[in-house]
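Have a look at the structure below before the remarks.
Please treat every number below as a calculation from the coordinates, not as lab data. All values reported here derive from a predicted model rather than from experimental measurement. FYI the Cβ positions are ideal-geometry reconstructions off the backbone, even for glycines, and counts take in every protein chain you see.
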Ligand code: UD1
């Protein structure tokens, strides 16, 4: 099966490309490289070549910005003319920083929403109507439901969260316009961390990371001095925020399982939480990272970050039952693999 992966050079995208190639999928990867590095895809190819026979490798990589509908159109048409039509899309392409989305809302709406509309228009035009969309648990906003179910109230609190939710609504309207034709999954990710076990691909944030895990690995590597923990007065067991961290390879395999689920089942639209269902506080995360990697992380407490929720944990029962998938790698594995990537690549893909 030929699958288009938008934003395939990014953190979750590159790991998903690998998971699909390992299963023998033919993939066409597009990325604008605005916020990613093309070397990630070269590394994906290297991992495949190291581990499998070359026959297993069917990957095309094209620089495309999803805001350019004409180029997207040309790409779909080209594959039809080759007799190898694109049959499904996994749609990662988008900007993902909450902070930046507040500073540049129009840019975020343009890339994340207009880009998605362009993609859907072209998919519809060429009868490709299966899509897995990268949504986010961020759409639950300040809904502190424990654990969060897919039908928990959606209350995004920043432009990035609203972009994701509006795109889900656009997908919903698209499905309803032609329910006989579309197969759609909105995957709501919790907190993906870690890296492929090889340490060859991983998260490579531009500038100082906003997210906690790359911040921890950069402190461990000596790139950053110390971790600032945003608040120790939260109503949790140790006073620090609790999140549902999921290994990025488990998340990648979740995409594969979703694609299989959509392909074999009836036409549908489904929202699925992808998380482990387990909560970890910041201090527990640091403690595990220090223990498994035999390192110390310099840290201090500071005030709460605006817009943070206290506890975000997935109710993943729907994903477990629909997808016949479950996360396999524990927090220790996430910390080991994430540190392996950082220590082998102190400057990321540079
Ligand atoms: C954040 C985004 C979310 C996005 C997700 C992607 C916000 C408010 N939310 O989620 O929209 O989908 O990343 O992975 O930005 N922390 C520190 N020190 C740091 C960084 C973070 O203490 O230097 C704390 C935060 O306060 C939070 C926890 O670590 O309690 C996790 O933070 P982060 O990794 O940014 O993820 P989320 O906020 O859950």
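For the reader, a short list of remarks on this structure follows.
- Between the C-alpha center of the range 88-118 and that of the range 136-172 there is a gap of 15 Å.
- For residue 169 and residue 117, the difference between the fully extended length at 0.36 nm per residue and the C-alpha to C-alpha distance is 17.6 nm.
- Separation in nanometres of the label points that stand 7 Å from Cα toward Cβ, at residue 81 and residue 347: 4.1
- Cα centroid separation, the range 1-20 to the range 223-271 (Å): 17
- Full extension of the segment from residue 305 to residue 127, taken as 0.36 nm per residue of separation minus the current Cα-Cα distance, would add 59.6 nm.
- 0 to 90° range, to nearest 10: angle between helix 11-22 axis and the chain longest Cα axis: 50
- Relative to the longest principal axis of the Cα atoms of the chain, the long axis of helix 331-344 makes an angle of roughly 80 degrees.
- Note on the chain: GNM, Cα springs under 10 Å; of 35, 51, 316, the largest mean-square fluctuation is that of 51.
- Once the Cα atoms are used to define both axes, helix 282-293 deviates from the longest principal axis of the chain by about 90 degrees.
- Cα-based Rg and Dmax for the range 282-350, where Dmax is the largest Cα-Cα distance (Å): 16.0, 42
- Shape analysis of the range 134-198 based on the Cα gyration tensor places the equivalent ellipsoid semi-axes at 23, 18, 11 Å, largest first.
- In the range 234-350, the C-alpha radius of gyration followed by the widest Cα-Cα span (Dmax) gives 17.0, 52 angstrom.
- Segment residue 42..residue 228, full-extension length gain: 63.5 nm, with 0.36 nm per residue of separation and the alpha-carbon distance subtracted.
- Considering only the chain, percent of DSSP beta bridges that pair antiparallel, nearest 5: 5
- Order of 302, 128, 322, 17 under a 10 Å beta carbon neighbour criterion, fewest first: 302, 322, 128, 17
- P(r) of the range 2-344 over all Cα-Cα pairs, binned every 20 Å from zero, in whole percent: 31, 60, 9, 0
- Rg/Rh for the range 81-151, where both radii come from Cα atoms and Rh is the Kirkwood radius: 1.08
- Estimated [θ] at 222 nm from DSSP helical runs (n ≥ 4, -39500 (n - 2.57)) normalised by residues in the chain, nearest 500: -12000 deg cm²/dmol
- Of 107, 165, 76, the one that fluctuates the most in a GNM where the chain has Cα springs shorter than 10 Å: 107
- Our Cα-only numbers for the range 1-141 put the radius of gyration and Dmax at 15.1, 47 Å.
- Highest mobility in the GNM of the chain, judged by mean-square fluctuation with C-alpha springs under 10 Å and restricted to 258, 288, 130, is found for 288.
- Residues residue 211 and residue 70, FRET efficiency given R0 of 35 Å [Cβ-Cβ distance, rounded to 0.05]: 0.50
- Residue order for 175, 301, 190, fewest other beta carbons within 10 angstrom first, comes to 301, 175, 190.
- Remark: spin-label model distance residue 298-residue 333 equals 3.4 nm, labels positioned 7 Å along the Cα→Cβ axis.
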